[in-house]
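Since every read-out is calculated from the coordinates, none of them should be taken as a lab result. Remember, it's a predicted structure, so these values are computed and weren't measured experimentally. Here Cβ is always computed from backbone atoms with ideal geometry, including for glycine, and neighbour counts include all displayed protein chains.
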């Protein structure tokens, strides 16, 4: 879930100060308090909370004089934890020295954060020239903001740098240059003309057929899942002495390993890649189960699906035919035995499945299937430093991470988890048909963290993850599909590192997918209103109807299907990409009747537009119950946090029925009112 950046105007910040960060010794951090301020008003609230409302064009505040425990020789990082569904352009840090002069100490973007995230500015390069214990020393924080932005911070301290920050300071440039060079190599491999080609790969029950054209002296090489397509392979050649057209039939299983998940590439006599790599294109009859293609009569769906232990759950009263469920992968498997885990085998290696977790998921999916609800699974890798499945370059600020595909062991863990899901959820009556990877990848810093990466390097890893899932599932379900998860940002990036422009990302993803044998991927988009807190999406100020629009929201939903209808996005040159609007909703700023009517208007307005969009298969309401404490005060559900039905409950249940007219009248009345200033 994301929110947009907005124009300059007033903002409201809720700031909580809890003292030193618990992970540091008391002597390593000094708590900070607010002091003098301008263009903001600060109102102390209960439980140590202060509300800061920006009232002018140069909002800033000082800290109170810093405690005498502050040591400028070692306390060189300003830090806090923050929550902000909109983010901010930046926070500027200055400090006042004893002579009254001001010194600029640095700045950092405050990216979108929909859960508590760490924020820090290291000012060691311009460490304060103030004597230790100066009773007048204080810091100054300026805010670059836009209207509607909100922010919560806690654990506001000045502290010593942690190990990660020290390492980052010394290695930052070296790492950045290495990543840039690798991204260049990826693009060169993608775009340089090739004389050789692997043209077709087909998987049969016991064999893999590989066909292509090669220059004399070339070799066919097999690439493992953890090996990037542009890099040299550690495997010995599968076939030497290629010349001209060839078609080889190779054993599918070697030492228990399934080669259906391999890529195939021609290398020249010099050992360098002579062709692009290729994944399998299709399977012979009988490889995948004879499962029917599933469709739904309408687009109404729901996300945030809870555990459904019984078939009479209240959410079925909404009349949904689509659902998304979160699939958190790391706790699903283990490389060693654990209580309650059962063994299973992948590629000749024994793993252990979290049976209680899987049974609970199966129960939920079965109840959804029994109601003819089409289920999409969102694949999430928790960002746990040092865990095998987490990408080794992931930063600690991300909630979820890119899978660990650069390392053989990490890839084996990920492959085992995906294989397990394929075994358990491609069965009649217990079937997940769509697989969404991972979450909002254009906001990678928070939701699919891989560290700060050039787009080409980020997408190379992401596409290998997507391919691994697609091909694993297609070996079992001939109609399964994978979807790329994206925010409502379109032709713009939000502030901060680890963010990408969605339109550019889709362009490159399509180019890279075709190069290695196109596959049936789709787009799981999150078209929230421009401002998550304002449900009046029909008034979104910065939204246009062309491909240059900075956002895609309910106001201009038609832009995405139109963009994907271009020939370069068509699957095999003829089939348009499927679209899931897999997460979005309309906030009720309060539980007043007026605000609930605004939510109703947003729902009716959106579904009127969806009727003319056949490639949009589903629209998933973000959640059915409000969770304001966990989502920064947002109330996106159609039940309040106490379980009371909001007006939106009746509206969502009525959509597509004769009762919809009643709520359409409410929507028309709300939308006919003048735009609020």
Query raised in the report: Which whole-number percent gives the relative contact order of the chain, counting Cα pairs below 8 Å spaced six or more residues apart?
Result: 11
Query raised in the report: What list do you get for 603, 358 if you sort them by fewest beta carbons within 10 Å?
Result: 358, 603
Query raised in the report: Expressed as cubic angstrom per residue, what is the convex hull volume of the alpha carbon set of the range 179-222?
Result: 117
Query - residue 272-residue 326 FRET efficiency (beta carbon distance; Förster radius 45 Å; 0.05 resolution) - result: 0.60
Report summary line: Rounded to the nearest 0.05, FRET efficiency between residue 642 and residue 165 (Cβ-Cβ, R0 30 Å) equals 0.10
Query raised in the report: If each of residue 55 and residue 492 carries a label point 7 Å out from its Cα toward its Cβ, how far apart are those two points in nm?
Result: 2.9
Query raised in the report: Nearest 0.05, what FRET efficiency do residue 344 and residue 38 give at R0 = 45 Å with Cβ-Cβ as r?
Result: 0.10
Report task. Mind giving me the nanometre distance, one decimal, between the label points for residue 174 and residue 539, set 7 Å out from Cα along Cα→Cβ? Result -> 5.5
Requested in this report: Round to the nearest 10 and give me the degree value, 0 to 90, for the angle of helix 455-474's Cα axis relative to the longest principal axis of the chain.
Outcome: 50
Query - Kirkwood Rh, angstrom, the range 588-677 [1 / mean 1/r, Cα pairs] - result: 13.8
Report summary line: CD proxy, 222 nm, the chain: helix-only mean residue ellipticity via -39,500 (n - 2.57) per DSSP H run with n ≥ 4, per residue, nearest 500, stands at -7000 deg cm²/dmol
Query raised in the report: What is the P(r) of the range 242-387, as percent of Cα-Cα pairs per 5 Å bin from 0?
Result: 2, 7, 11, 12, 13, 14, 13, 11, 8, 5, 3, 1, 0, 0
Query - Backbone N under 12 Å from the residue 243 label point (7 Å along Cα→Cβ), restricted to the range 178-221 - result: 215-218
Query raised in the report: Can you pull the percent of Cα pairs in the range 314-671 with separation above 30 Å?
Result: 38
Query - Potential lengthening between residue 673 and residue 594 on full extension [0.36 nm per residue; Cα-Cα distance subtracted] - result: 27.2 nm
Query - Per-q log10 I(q)/I(0), the chain, q = 0.06, 0.07, 0.11 Å⁻¹ (Debye; single scatterer per alpha-carbon; no solvent) - result: -0.38, -0.51, -1.19
Query raised in the report: On alpha-carbon atoms, Rg over Rh for the range 197-283 using Kirkwood Rh?
Result: 0.93
Report task. Round to a whole angstrom and tell me the spacing of the C-alpha centers of the range 373-418 and the range 607-625. Result -> 29
Query raised in the report: Relative to the longest principal axis of the chain, what angle (0 to 90°, nearest 10) does the C-alpha long axis of helix 355-370 take?
Result: 80
Report task. For residue 665 and residue 336, compute 0.36 nm times the residue count separating them, minus their Cα-Cα distance, and round to one decimal in nm. Result -> 112.5 nm
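Would you order 671, 450 from fewest to most other beta-carbon atoms within 10 Å of each residue's own beta-carbon?
Fewest-to-most Cβ neighbours within 10 Å comes out as 671, 450.
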Report summary line: Relative to the chain, whose Cα atoms define the longest principal axis, helix 502-515 and its Cα axis are tilted in degrees, nearest 10, by 20
Report task. Sort the following peptides by mean Cβ neighbour count (other Cβ atoms within 10 Å, averaged over residues), highest first: 313-322, 551-560, 633-642. Result -> 551-560, 633-642, 313-322
Report summary line: In nanometres, the difference between 0.36 nm per residue of separation and the alpha-carbon distance of residue 359 and residue 67 is 99.7 nm
Query raised in the report: Taking a label point 7 Å from the Cα of residue 216 along the Cα→Cβ vector, which residues of the range 239-253 have an amide N closer than 19 Å to it?
Result: 240-247
Query raised in the report: Per q in 0.15 1/Å, what log10 I(q)/I(0) does a Debye calculation on the alpha-carbon atoms of the range 501-614 return?
Result: -0.70
Query raised in the report: What is the spin-label model distance, in nm, from residue 572 to residue 257 if the labels are put 7 Å beyond Cα along the C-beta direction?
Result: 3.0
Query raised in the report: Which order do 460, 504 fall in if you start with the one that has the fewest other Cβ atoms within 10 Å?
Result: 504, 460
